[in-house]
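Have a look at the structure below before the remarks.
The values are calculated or read from the model by the stated rules, or taken from the named source; none is laboratory data. Bear in mind that the values here come from a model prediction, so they are computed numbers and not experimental data. Ideal geometry is used to build each Cβ from the backbone, glycine not excepted, and the neighbour counts take in all protein chains shown. Areas reflect the complete protein model, heavy atoms only, side chains present, ligands, DNA and RNA absent. Shrake-Rupley method; radii C 1.70, N 1.55, O 1.52, S 1.80 Å.
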Amino acid sequence: PAGPTGEIFFFREVNDGPEEIEVWDDPGHVLYGEGDYWAWHRWEGFTALCYHNAAEGRYHTNRIETTRTDLFTYRGIRVGDTRAKVLEAYPELYDTEYWGYEGDYLWYCVNEMGLGAGLIFYFENDAVSKIELNNMFN
């Protein structure tokens, strides 16, 4: 139940480990208001990049990444699954470049330009090593 524009309350409730928060000072990511900031929220095997809006006192998630095997996509894919299983579940995957990303990956989005929510599957030895859900809109 996590994805772009939402918050990550659920993970705080189910994770036994501590949360690390690192403010991200990247000039490539726009700030929309005074006191706003980007921050990485990290737990063991799960990371979320969030935009914190000072005026609203809220944040929204821009990207989540997991290497955990107990989390899975809507179509049931999780870390450790084979490339063949991923392709069976997502026959519409793209094997082209996704916004300058590097490595062995396949990605899915509702359009081939990659605008909006993008689901990226990273592979090592033809097995999923990481799953990322990214929003290409700030």
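At-a-glance table
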| quantity | calculated |
| --- | --- |
| Dipole magnitude (debye, nearest 20) for region 12-69, charges at Cβ of Lys, Arg, Asp, Glu | 200 |
| Ordering of 71-82, 91-102 by burial proxy (mean other Cβ atoms within 10 Å per residue, highest first) | 71-82, 91-102 |
| Note, ³J(HN,Hα) from phi for region 22-33, Karplus 6.51, -1.76, 1.60, rounded to Hz, x at Gly and Pro | 10, 5, 10, 9, 10, x, x, 9, 5, 10, 9, x |
| In order through region 35-44: 3J(HN,Hα) via Karplus (6.51 cos²θ - 1.76 cosθ + 1.60), integer Hz, x for Gly, Pro | x, 6, 7, 9, 8, 8, 10, 10, 10, 4 |
| Hydrodynamic radius by Kirkwood, which averages 1/r over all alpha carbon pairs of region 75-138, in angstrom | 11.8 |
| Hydrodynamic radius by Kirkwood, which averages 1/r over all alpha carbon pairs of the chain, in angstrom | 15.8 |
| Residue-averaged 222 nm ellipticity for the chain, from DSSP H runs of 4+ at -39500 (n - 2.57), nearest 500 | -2000 deg cm²/dmol |
| For the chain, built as a Gaussian network whose Cα springs stay under 10 Å, the top-fluctuating residue of 41, 60, 29 | 29 |
| Neighbour net charge for residue 65 - beta-carbon separation under 13 angstrom, K R +1, D E -1 | +2 |
| Residue 101-residue 19 FRET efficiency (beta carbon distance; Förster radius 25 Å; 0.05 resolution) | 0.45 |
| Residue-normalised accessible area of the chain, given per residue in Å² at a 1.4 Å probe | 59 |
